[in-house]
Amino acid sequence: MINFSIKDAFDIFLVALLLYYIYRLMKRSSGATIFSGIIVFIIVWIIFSQILNFKLMGTMLNYVINVGALALVVLFQEEIRHFLSTIGTSGRNHVFLRLFRPKKQEVTFHQAIIPIIMACINMSREKVGALIVIERNIGLSEYINSGDLIDANISQRLIETIFFKNSPLHDGAMIIRKQHIAAAGCILPVSHNDEIPKQLGLRHRSAIGISEKTDALAIVVSEETGEISVANQGILHQALSGDQLEAMLTQE
């Protein structure tokens, strides 16, 4: 006779919730299909080893599980890093911790995004391509070091100058850290998500890629259409107006 209590139901619910959360993180990368295969394998292992009590099959699957655990750490090291970073970010943004944060930084950031918005509107009108990444809780030092260090105050004229078509830095990404332009001409990871429309170029794929691996916001101005887009958590929000861009940056 199987004893099934409310505690067991709650335990199953927590495991299902954890697996769903991990799957959502994996879905933003190329590991979603592999993760689905792992879930199927675990279900088969539970059926043969725990429910049907097949000794030989269960023993063999137990060895595979023990060895596979180490292989998974190597295989999903980027996803595990992003998972732990997301948990740490959520903890830092807890409602009780926000009570002890100074509000001066929020005002400063709101003032800093106005030059960014105005520059994006002008570049959109002139169809000047641009890629601007705003660092949040997860550090972007490795990407900053791939470009040319600037460390300048945020200025509309400086942003437009950097992304001017004849500028040597216009092809890379600009990274903004703590209300300063940290670097330009930076190299970003490119997303390999098959669901990205084919007409989107390298700038859009790089914006989505950096938002998949970190919690950064990436603003893209299309050189072909002048359209303004923002990538956040692996999702690209396209065809934004100046007001929509300001609202999104202020909210995030």
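Condition test on S222, is it within 15 Å of the chain's Cα centre (by Cα), of a type in the set (S, T, Y), in the same structural domain as G139 (by TED's automatic domain parsing) and crowded, with 21+ Cβ neighbours inside 10 Å?
no
Of all residues in the range 180-199 being in contact with a strand residue (DSSP E or B) (Cβ under 8 Å, 6 or more places away or on another chain) and not hydrophobic (A, V, I, L, M, F, W, C), which is modelled with the highest pLDDT?
Among residues in the range 180-199 that are in contact with a strand residue (DSSP E or B) (Cβ under 8 Å, 6 or more places away or on another chain) and not hydrophobic (A, V, I, L, M, F, W, C), the one modelled with the highest pLDDT is G185.
Look at Q251 and say whether it is within 25 Å of E126 (Cβ to Cβ) and surrounded by fewer than 17 Cβ atoms within 10 Å (Cβ to Cβ).
When the stated conditions are applied, Q251 does not pass them.
How do the pairs read when you match residues in the range 225-252 that are in contact (Cβ under 8 Å) with a residue 40 or more places away in the chain with residues anywhere that are of a type in the set (D, E), using Cβ under 6 Å and keeping only pairs 6 or more apart or on different chains?
Close Cβ pairs (under 6 Å, with a partner that is of a type in the set (D, E)) amount to G234/E212.
When the residues of the range 132-171 are filtered to those that are of a type in the set (V, I, T) and assigned to a helix (DSSP H, G or I), which remaining residue is farthest from A112 (Cα to Cα)?
I144
Of (1) within 17 Å of I175 (Cβ to Cβ); (2) over 12 Å from the mean Cα position of the chain (by Cα); (3) in a strand (DSSP E or B), R203 satisfies all except one. Which?
For R203, the failing item is (3).
The values are calculated or read from the model by the stated rules, or taken from the named source; none is laboratory data. This structure is a prediction, so every number in the text was calculated from the model and none was measured. Backbone-built Cβ (ideal geometry, glycine too); neighbour counts: all protein chains shown.
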